[in-house]
Amino acid sequence: MSIVPPFRVAFLSGGAKSGKSTLAQRWAEALPPPRLYVATGEALDEEMAARIAHHQRARGPQWQTWEEPLALAAVLHEANGRYGVILVDCLTLWLSNLLTHDHQFGHPESAADQFCKTLEGLTTPIILVSNEVGWGIVPENSLARRFRDLAGRLNQQVAALADVAVLVVSGLPLYLKGRQIL
Amino acid sequence: MSIVPPFRVAFLSGGAKSGKSTLAQRWAEALPPPRLYVATGEALDEEMAARIAHHQRARGPQWQTWEEPLALAAVLHEANGRYGVILVDCLTLWLSNLLTHDHQFGHPESAADQFCKTLEGLTTPIILVSNEVGWGIVPENSLARRFRDLAGRLNQQVAALADVAVLVVSGLPLYLKGRQIL
Amino acid sequence: MSIVPPFRVAFLSGGAKSGKSTLAQRWAEALPPPRLYVATGEALDEEMAARIAHHQRARGPQWQTWEEPLALAAVLHEANGRYGVILVDCLTLWLSNLLTHDHQFGHPESAADQFCKTLEGLTTPIILVSNEVGWGIVPENSLARRFRDLAGRLNQQVAALADVAVLVVSGLPLYLKGRQIL
């Protein structure tokens with residue numbers, strides 16, 4: 001069995017289809033079950049539904065899945081202590097949901113701050129997946145600019161409190177901090 | 001002369017104008033001639049033609065150049081054993097060509113899988129250049145989304161079977177796997 | 001106090017909201033005052049003005065600020081020898097200004113080359129911040145393509161002559177070259 005150094009919060013970010021979810025899952029599967037997968041994606045169209053179903057099949061039956069597009073901190077409070085590991089996939093979809101749901105959960109920045117406070121109080125190891133979205137030309141759309149600023153801000157906050165942080169490129173991790181996992 | 005550790009498959013990816021082609025060429029030029037440059041770009045407009053001509057001049061006369069926008073696996077089969085090194089520049093343009101040529105070469109995913117199988121059977125060292133295209137806001141255009149998913153998938157496949165894989169940033173390599181070259 | 005290894009030119013690049021400006025400032029503040037902040041941004045709209053004011057407040061009173069959207073080489077000549085450290089934030093905004101000001105400062109490529117020559121002659125340590133803008137889908141807008149080519153070219157030039165170069169991701173540095181700072 002692989003040796004996983006103890007961590008409380010592990011963070012993986014990367015571009016689209018960079019292999020970050022697969023690597024996050026591999027890390028989680030080196031920790032004892034039961035394992036919780038928190039999906040922040042909403043199946044708003046067929047393309048999304050197909051992606052979600054594909055990922056669910058890939059995880060197999062050893063995982064429990066909770067879908068939560070908005071109340072992420074509440075979900076973590078509820079799950080804490082009940083699982084061997086929690087995997088949240090992904091933070092950028094969650095931010096996008098917050099932005100498009102009319103601030104019913106308060107300003108996204110406040111929700112992000114509250115989420116980070118919740119992270120610090122968890123006793124169950126947690127693995128967080130996020131997207132890099134700010135490496136292109138400045139978007140003309142102001143909502144897209146707001147989103148990428150929010151995503152960059154949250155990625156910085158989570159990486160700062162994580163024990164392990166990696167940038168995933170072509171399926172392989174570049175370590176930003178922490179000791180190598182697996 | 002520089003010392004190049006033996007590799008079968010070397011992989012370089014990076015953003016636009018990151019210096020990945022220049023670095024790939026430097027790696028190739030530390031291996032014995034004759035050298036084959038496989039260009040996947042098509043000179044569809046003046047901007048592209050100027051880029052291609054500029055790169056050809058930069059390589060100089062020690063290189064042979066084959067242009068092949070689509071049948072990349074066939075080209076590698078034909079070139080194998082006849083050169084000291086093969087450089088393919090680049091995989092993302094090839095995927096883009098496959099996508100826009102009405103699947104006359106089958107589904108791009110199948111072509112990518114077949115290409116990876118061909119890579120595994122080569123005896124000539126090969127250097128593969130690819131682009132990172134999935135680090136921005138999700139494109140509104142569905143073909144662009146399909147393209148970046150394809151590119152991410154192929155980058156993962158090639159990095160998995162490569163001996164050496166780097167991310168090139170500002171002309172400098174970040175090693176994802178393998179021992180340092182040059 | 002932190003130990004900063006001697007450097008003449010330090011280079012930080014990264015995506016939007018990656019924490020590169022904060023890290024650059026931390027590096028500068030480990031060097032003796034007085035410190036010069038060269039802002040290349042122009043407050044063309046409220047969004048920009050708010051960003052600039054926010055960053056100015058964050059730096060505090062120990063910094064002097066010069067705003068210069070175009071004549072960057074001239075500013076460096078003038079500032080050289082008068083400060084403990086110079087921080088330029090950021091090169092990509094400067095390139096964008098050059099592109100949109102009708103070439104009154106000559107071709108952007110020439111301005112970039114002249115800027116790099118100026119860098120080589122400085123005696124005051126300088127820290128340069130830049131953006132990664134070429135990691136998304138190829139922009140349809142030809143000016144945007146020209147901009148990202150210019151930015152990639154300048155990033156390569158500056159990284160080549162820098163003592164220290166990092167890619168900043170989620171607030172954390174990946175070292176491209178040079179010894180660790182702080």
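The values are calculated or read from the model by the stated rules, or taken from the named source; none is laboratory data. Computed from a predicted structure; not experimentally measured. Ideal geometry is used to build each Cβ from the backbone, glycine not excepted, and the neighbour counts take in all protein chains shown.
For segment C:1-16, taking the residues that are touching a Ser or Thr at 6+ places or on another chain (Cβ under 9 Å) and surrounded by 20 or more Cβ atoms within 10 Å (Cβ to Cβ), the one that is farthest from the other protein chains (Cβ to nearest Cβ) is identified as C:LEU12.
Residue-wise test of (1) buried (at least 16 other Cβ atoms within 10 Å of the Cβ); (2) within 14 Å of chain B (Cβ to nearest Cβ); (3) not in a helix (DSSP H, G or I).
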residue: C:LEU87; (1), (2), (3): yes, no, yes
residue: C:LEU95; (1), (2), (3): yes, yes, no
residue: C:LEU98; (1), (2), (3): yes, no, no
residue: C:GLY106; (1), (2), (3): no, no, yes
residue: C:ALA112; (1), (2), (3): yes, yes, no
residue: C:THR124; (1), (2), (3): yes, no, yes
residue: C:LEU128; (1), (2), (3): yes, yes, yes
residue: C:PRO139; (1), (2), (3): yes, yes, yes
residue: C:ARG148; (1), (2), (3): yes, yes, no
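Residues that are buried (at least 23 other Cβ atoms within 10 Å of the Cβ) and among the polar types (S, T, N, Q) within segment A:150-182 comprise A:ASN155, A:SER170, listed in sequence order.
Return the residues of segment A:41-71 that are under 29 Å from A:HIS107 (Cβ atoms), touching a residue at least 12 places away in the same chain (Cβ under 8 Å) and out of contact with any strand residue (DSSP E or B) (no Cβ under 7 Å at 6 or more places or on another chain); say none if nothing qualifies. A:GLY41, A:GLU42, A:PRO69, A:LEU70, A:ALA71, listed by residue number.
Taking the numbered list (1) in a helix (DSSP H, G or I); (2) over 24 Å from A:ALA16 (Cβ atoms); (3) not polar (S, T, N, Q) in turn, A:ARG82 passes all entries but (1). Looking only at residues of segment C:17-69 that are buried (at least 17 other Cβ atoms within 10 Å of the Cβ), within 13 Å of chain A (Cβ to nearest Cβ) and among the basic types (Lys, Arg), we find that the one that is nearest to C:VAL166 (Cα to Cα) is C:LYS20.
What are the residues in segment A:52-69 that are of a type in the set (D, E, K, R) and part of a helix (DSSP H, G or I), if any? Even if it seems obvious, please write down each step before you answer.
Residues of segment A:52-69 of a type in the set (D, E, K, R): A:57, A:59, A:67-68.
Answer for segment A:52-69, where residues must be of a type in the set (D, E, K, R) and part of a helix (DSSP H, G or I): A:ARG57, A:ARG59.
Annotation: of all residues in segment C:39-71 being within 29 Å of C:LEU174 (Cβ to Cβ) and touching a Leu at 6+ places or on another chain (Cβ under 7 Å), the one that is modelled with the lowest pLDDT is C:GLY41. Scanning segment B:108-132 for residues that are within 14 Å of the chain's Cα centre (by Cα) and either within 14 Å of B:GLY152 (Cβ to Cβ) or free of Cβ contacts under 8 Å to residues at least 12 places away in the same chain (or both) returns B:ALA112, B:SER130, B:ASN131, B:GLU132. Within segment C:14-51, the set of residues being more than 18 Å from C:ASN97 (Cα to Cα), outside any helix (DSSP H, G or I) and of a type in the set (Gly, Ala, Ser) comprises C:GLY14, C:GLY15, C:SER18, C:GLY19, C:ALA30. Among the criteria (1) in contact (Cβ under 8 Å) with a residue 24 or more places away in the chain; (2) in a strand (DSSP E or B), the one C:TRP135 does not fulfil is (2).
Give segment A:86-107 a look and list any residue that's aliphatic (A, V, I, L, M) and over 13 Å from the mean Cα position of the chain (by Cα), or say none. Steps first, please.
Of the residues in segment A:86-107, the ones aliphatic (A, V, I, L, M) are A:86-88, A:91, A:93, A:95, A:98-99.
Correct list: A:LEU98, A:LEU99.
If you go through segment B:150-182 and pick out every residue that is at the interface with another protein chain (Cβ under 7 Å from one of its Cβ atoms), among the hydrophobic types (A, V, I, L, M, F, W, C) and not in a strand (DSSP E or B), you end up with 2.
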